[in-house]
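The structure appears right after this line, and notes come after that.
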Amino acid sequence: MTARHVVIIGNGPAANEAAISLRTQAPDARITIISKEPIRYYKPHLLPDLIAGKVSEQDLYVNPLEFYKENDIRLRLGQEVVHVSFATNEVVMEHKEVVRFDGLIIATGGKPRIPEPLQVFEDLMLSLKTLSDAKVWKERLRWVDSVLIVGGDLTSLSFTKAVLSLGKKVYFILHGDSFWPVRFNEELSSEVSQRLSDRGVEVISCRKILRLVMASEDSVEVETDGRKLRVGAIGAFFGLVPDVKFLARSGLAIERGIVVDEFLRTRFEGVYAAGDCAQVYHPKLRDYWVSIGYRNARNLGRVAALNLLGGQESAETAPAGIFQLDDISVNTSWWTEF
Amino acid sequence: MSNNIHHEGSGDLTEPAKNIIYSTDPADFHYVSVNVPCQSACPAQTNVPAYIRALYEGWYGDSYDLNRIVNLMPGVLGRICSRPCEQKCRHGEHELGRAVNICHVKRAASDHKDVNHVLLEPLFPPLGKKVCVVGSGPAGLAAAHDLSATGAHVTLLEALDEPGGMLRYGIPEFRLPRDILTTEIESILRLGITLKTGVRVGADVSVEQLLSDYDAVLIAAGCYTSKQLEIPGEHLPGVLSGLDFVMQIASGHSPEVGERVLVLGAGFTAFDCARSALRLGAEDVSICIRATEHDLRVTEDEIYETKREGIRIKGLIAANRVVGQMTVEGVEFSRTEPREVLSSGRRRIIPIPGSEFIEPADTVIVAIGQGAEPIPSPGKKNERGVLEGDPKTFRTSVPRLYATGDFNTGPTTVIESLAAGRKAAERIAEDLTGKKFREWSIRIQDAKITDRQRSWDFIPRQEMPSVPIENRLNPCPTVEIEIGYPKGQALEESKRCYLCYLHYEIDISKCIYCRLCIDSAPRDCIKLVSEVIVGRDGAIQELVETSDWRNVSAVVIDNSRCIRCGECVRVCPVDCISVSKVELVERALQGGGES
């Protein structure tokens, strides 16, 4: 297609990679990035390092604002899309403005997932998805000496490393349903448990969390079906759910993400999804796949942009159980990197 | 509002008949269908804004009655209704937040009404006609009630041991307590209906015999034949029918389930099966659906509570075969590709070749739908041998023999079935007497400006309190999971309703085009228009907006966008904006109207 006006919803790695790929391939295209976060594009995978004090906030930011000006990319931060009409190719903003598009890339990323059985305890758990989440953790870790991590997603292990590096005691509850995005089995469970234990993490074996109670200002009491303990903070690391509530009733199919084919196409002409919010069916895997990690998100953003411009590039997908771990350029099981 | 109107007694239980206009003009019906979306979406046309407002004012009994006059079982429906009204609630529009928890408010009216609340019903004198209704599910009960209220002598035949049909035998007790169901059934039966249980028509008594004994016979026997997957392995031991499964539990039996249970299906029955399996001791229960979780037709609350109990929903998979040697060992699925949403509301699904995989299981429960069981009878049948009734008149090809509810249409929701039962009753009464007994009309009444406060629009949706997870399976697995709103929470939720039955209108002859109303409106509900396009029925079809001041012919309130905040009325310097209450109501025609 000759993309006249491409709107990109989101401002993470997939969105920014899509924008710059579009600019490179289609110098005349009008490109607009719309993001509800009023903050510049940063590297979310470095948030654990920020907590550990290994990097500063400035190290996280990727592009200065001038970058967008130089590349003629309109950056609209702090503006929320509330609806998309695929019949009229229009994006409706919260402040009632309607923006027309010829091509659309949805790269809104994900938001922390809390499994339904634990949602009643949501207020007592912290997650780590955004820069502000990291700041909350940084502050909390100044005061507490132990952390319970529940879940088992990609971020949980790098976060565990960060907490250990600060000399804090770490407890870990692994649960089949929460070990996202891979399918959990006994072999995987024992391998991950072993690696965590080797690092000094106390892995708690239990089937369910029965109760969380705020015991004091800086401690939470945890009751599982096996034991009780008191910790300074609880981290919920159950992976992500796509941040696409605004697309409800839009006609897009949404499961763990926006369902797209291997070329990242939705079923609407000129509409693509990339990054954490895309659920890709890949014929090689013979399965749907939600790709995670900074590098993968950037790759998907690039593929979406190229295909929007008429390309036929397939989203690279690693074999099941194998990940590209952020900036580590190896194909490996991510927990073995821990 | 139109001029095709007449003044009459109210017929309403809650207000005296004064300053009320009744209209049967099609334009007014069209207006309500567009502008009161909750009531239009309800198959029984329940007057949602009216009963929510009554509850807000503390009239729990009136709120209950406003439900009961059309849907007969507010206590039941307040728990298990599929809630089509909430899908259309204006509060759920894109920038307006989340729909009002209409159903929970309905339940609150039932829960908090006075224990001695007196039920009032318009009853007609005896007709001298005998009608037999076959089946005591929602359609049969509703038909029996209305026919009885109309003056017919009604006999209700039920094949099972107790009345209620799918309400009793298809919905688990932890969603619908039996005392609530029994009370509301009793309230229907005590109009003088003769209930005979354990009578299976076709076996214990023939339809021909009933036709000779009664002036009319209505078949409302529901759908009790489970649909089959028609895939290899379906008859292996360990594969259960969802309907049989829930019926066995309702009858006091406890079917055996293995540790790992897969439920195939996407409706309420599938969810009931999954949650029941958990209560019977299953450790790992999953609901397997062909489309996505977002395409499910069960309510958000049901999905949430099911997942809270630890049941997983596995989307985008379709069963190919059940695998196992002597007993079920698993199910082979294919991944599916979701396509467009069809006019039926279902999403088209394509299995993806080469994506097959096997999911292990000890028990498989198939809950993919039901069909009507053929009853031996005269009259035209469909290809499955089931008696056919006209979808509008409910008449079969045999004079005086009618069919309604799920038996006539295939499986629907409780509220649809109940509404169909009432319509069939009206038709039978009309056929037997040549008279109309009830009529739908639009009641228009001057109203004061709404006392709603703008801050109420930002009250968060009140979540239903429920039994803690750890207390659900033990000690009593039939304990009702949803606790119900306390009064305070019900009041908060009632405040969220915009009261869409209020109609705002600008009198152009008084308007000075100052546009203060437009400036004060919280959304684009007041429009400068060059033209108002009116349809053949006199209803407004389209407002042609203009931004050119020279072309403005009127300032119009678009009631389909209006959230009834009343700001425009408050700021208007010339009082040219009026408010009226426009409601779709069912009235008893006293003396019997001409058919």
- Message: For region A:1-42, give me each residue that is under 22 Å from the mean Cα position of the chain (by Cα) and assigned to a helix (DSSP H, G or I).
- Response: A:Pro13, A:Ala14, A:Ala15, A:Asn16, A:Glu17, A:Ala18, A:Ala19, A:Ile20, A:Ser21
- Note on the structure: Given (1) assigned to a helix (DSSP H, G or I); (2) at pLDDT 95 or above; (3) within 22 Å of the chain's Cα centre (by Cα), A:His45 misses just (2)
- Considering residues of region B:464-493 that are within 14 Å of chain A (Cβ to nearest Cβ) and free of Cβ contacts under 8 Å to residues at least 12 places away in the same chain only, the residue farthest from B:Ile52 (Cα to Cα): B:Asn474
- By residue number, the members of region A:262-280 that are away from chain B (no Cβ under 13 Å) and either crowded, with 24+ Cβ neighbours inside 10 Å or within 10 Å of A:Ile105 (Cα to Cα) (or both) are A:Leu264, A:Gly270, A:Val271, A:Tyr272, A:Ala273, A:Ala274, A:Gly275, A:Asp276, A:Cys277, A:Ala278
- Within region B:488-521, the count of residues that are among the small types (Gly, Ala, Ser) and over 30 Å from B:Asn101 (Cβ atoms) comes to 1
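Every residue, every condition in (1) away from chain A (no Cβ under 14 Å); (2) without any contact (Cβ under 8 Å) to a residue 12 or more places away in the chain; (3) farther than 20 Å from B:Ile469 by Cβ, yes or no:
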{"residue": "B:Val257", "(1), (2), (3)": "yes, no, no"}
{"residue": "B:Leu262", "(1), (2), (3)": "yes, no, yes"}
{"residue": "B:Arg290", "(1), (2), (3)": "no, no, yes"}
{"residue": "B:Ile350", "(1), (2), (3)": "no, no, yes"}
{"residue": "B:Ala361", "(1), (2), (3)": "yes, no, yes"}
- Options A:Lys96, A:Lys129, A:Lys111: the member that is more than 14 Å from chain B (Cβ to nearest Cβ) and either at positive phi or outside any loop (DSSP other than H, G, I, E, B) (or both): A:Lys111
- Could you please let me know if B:Glu373 is among the acidic types (Asp, Glu) and either assigned to a loop (DSSP other than H, G, I, E, B) or outside the structural domain of B:Tyr214 (by TED's automatic domain parsing) (or both)? yes
- Note on the structure: Within region B:226-236, the residues that are touching a Leu at 6+ places or on another chain (Cβ under 8 Å) and either farther than 14 Å from B:Gln370 by Cα or among the hydroxyl-bearing types (Ser, Thr, Tyr) (or both) are B:Ser226
- Query: Which of the residues that make up region A:238-261 are outside any loop (DSSP other than H, G, I, E, B), more than 8 Å from every other protein chain (Cβ to nearest Cβ) and crowded, with 21+ Cβ neighbours inside 10 Å?
  - Reply: A:Leu240, A:Pro242, A:Leu247, A:Ile258, A:Val260
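Conditions tested, residue by residue: (1) surrounded by fewer than 24 Cβ atoms within 10 Å (Cβ to Cβ); (2) among the aliphatic types (A, V, I, L, M).
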{"residue": "B:Leu387", "(1), (2)": "no, yes"}
{"residue": "B:Phe394", "(1), (2)": "no, no"}
{"residue": "B:Ser397", "(1), (2)": "yes, no"}
{"residue": "B:Pro411", "(1), (2)": "yes, no"}
{"residue": "B:Leu418", "(1), (2)": "no, yes"}
{"residue": "B:Gly434", "(1), (2)": "yes, no"}
{"residue": "B:Lys448", "(1), (2)": "yes, no"}
{"residue": "B:Trp456", "(1), (2)": "yes, no"}
- Item | Subset of region B:299-322 [touching a Pro at 6+ places or on another chain (Cβ under 9 Å), more than 9 Å from chain A (Cβ to nearest Cβ) and of a type outside the set (Val, Ile, Thr)] | B:Ala318, B:Asn320, B:Arg321
- Note on region B:323-347: residues at pLDDT below 95 and more than 10 Å from chain A (Cβ to nearest Cβ) are B:Gln325, B:Met326, B:Leu342, B:Ser343, B:Ser344, B:Gly345, B:Arg346
- Item | Evaluation of A:Asn307 against (1) surrounded by 19 or more Cβ atoms within 10 Å (Cβ to Cβ); (2) away from chain B (no Cβ under 13 Å); (3) under 22 Å from A:Thr155 (Cα atoms) (one fails), failing number | (3)
- Message: Quick check on this structure: which one of B:Ile512, B:Ile577, B:Ile557 is outside the structural domain of B:Leu147 (by TED's automatic domain parsing), loosely packed, with under 14 Cβ neighbours inside 10 Å and either in contact with a Leu (Cβ under 8 Å, 6 or more places away or on another chain) or of a type in the set (A, V, I, L, M, F, W, C) (or both)?
- Response: B:Ile512
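The values are calculated or read from the model by the stated rules, or taken from the named source; none is laboratory data. Not measured: the values here are computed from a predicted model. Backbone-built Cβ (ideal geometry, glycine too); neighbour counts: all protein chains shown.
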